[in-house]
Amino acid sequence: MSSRSRIPAEVYDPISQTHDPALVFGAMVVGMAMKAIQLFSIPVSDPERAKAFYVDTLGWELVRDDAMGPDQRWVQVRPRGGETSVTLVSWFESMPAGSMRGVVIETDDLEADQATLRGHGVRVDAAIEEAPWGRWVTFDDPDGNGFVLQATSARRETAAATAGGEGDSDLQEAFD
């Protein structure tokens with residue numbers, strides 16, 4: 001047993017030399033059918049204002065907007081073409097409006113999306129940050145929930161590799 005938990009050391013220890021396929025990176029692989037995140041909640045103070053921001057400013061699609069009883073609505077939005085959607089919630093006491101941070105939104109055109117957000121009056125980082133894995137900026141929704149808008153290097157490299165053709169040399173240079 002590990003001294004930090006009741007998990008057996010061979011499971012807990014990521015440096016273990018075991019080659020048991022049931023152990024990966026120090027954790028037991030459990031046979032579960034989970035495959036995707038379908039939905040998560042973003043805490044907002046005003047569902048109507050939040051819906052306008054996510055749909056009209058970010059360009060996301062409205063999936064549902066239904067009454068859930070007195071003073072509650074189910075407002076569900078998602079990035080166009082995305083699989084994961086979000087509910088804009090105001091009824092969870094444990095989730096005050098503006099308390100969410102770190103949701104990462106992937107983009108294929110960071111500069112254009114940054115400019116569009118600014119054009120809609122959203123305060124976005126002035127400088128694009130860079131790291132070996134990609135580039136990003138941050139912004140907040142009207143309640144102060146924090147987002148990371150990123151362009152991952154692997155996606156850019158894949159796009160450049162599939163672009164091919166001589167006419168795409170400018171596109172290739174943009175990814176180098």
I'd like to know how the stretch 82-123 sits against the 2.2 N^0.38 Å rule of thumb: what's its Cα Rg over that expected value? 1.50
So what are the ³J(HN,Hα) numbers for the stretch 79-87, from phi and the Karplus equation (6.51, -1.76, 1.60; θ = phi - 60°), rounded to whole Hz, Gly and Pro as x? x, 4, x, x, 9, 8, 10, 10, 9
Under Karplus coefficients 6.51, -1.76 and 1.60, residue-wise ³J(HN,Hα) of the stretch 62-67 in Hz, glycine/proline x: 7, 8, 8, 8, 10, 5
Hey, can you grab everything whose amide H is under 5 Å from the amide H of Val89? Only 5+ residues off in sequence or another chain; H modelled, so Pro and N-termini drop out. Ile42, Val44
I'd like the Karplus ³J(HN,Hα) series for the stretch 34-40: coefficients 6.51, -1.76, 1.60, θ = phi - 60°, whole numbers in Hz, and an x wherever there's a Gly or Pro. 5, 9, 6, 8, 7, 7, 9
Once you treat every alpha carbon in the stretch 47-148 as an equal point and sum by Debye, what is log10 I(q)/I(0) at q = 0.11, 0.24 Å⁻¹? -0.36, -1.49
If I take R0 = 25 Å and measure r between the Cβ atoms of Ala52 and Ser99 in this structure, what FRET efficiency does the formula 1/(1 + (r/R0)^6) give, to the nearest 0.05? 0.75
Linear extension gain, Val30 paired with Asp125, 0.36 nm per residue minus alpha-carbon span: 30.2 nm
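Identify the trypsin sites (Lys or Arg not before Pro) of the stretch 35-76 meeting these criteria: DSSP loop state and at most 10 other C-beta atoms within 10 Å of the C-beta.
Lys35
Here, each number is a calculation from the coordinates, and none is a lab measurement. Keep in mind that what you see is a predicted model, and the values were worked out from it rather than measured. Neighbour counts are summed over all protein chains in view; Cβ atoms, including those assigned to glycine, are modelled from backbone coordinates with ideal geometry.
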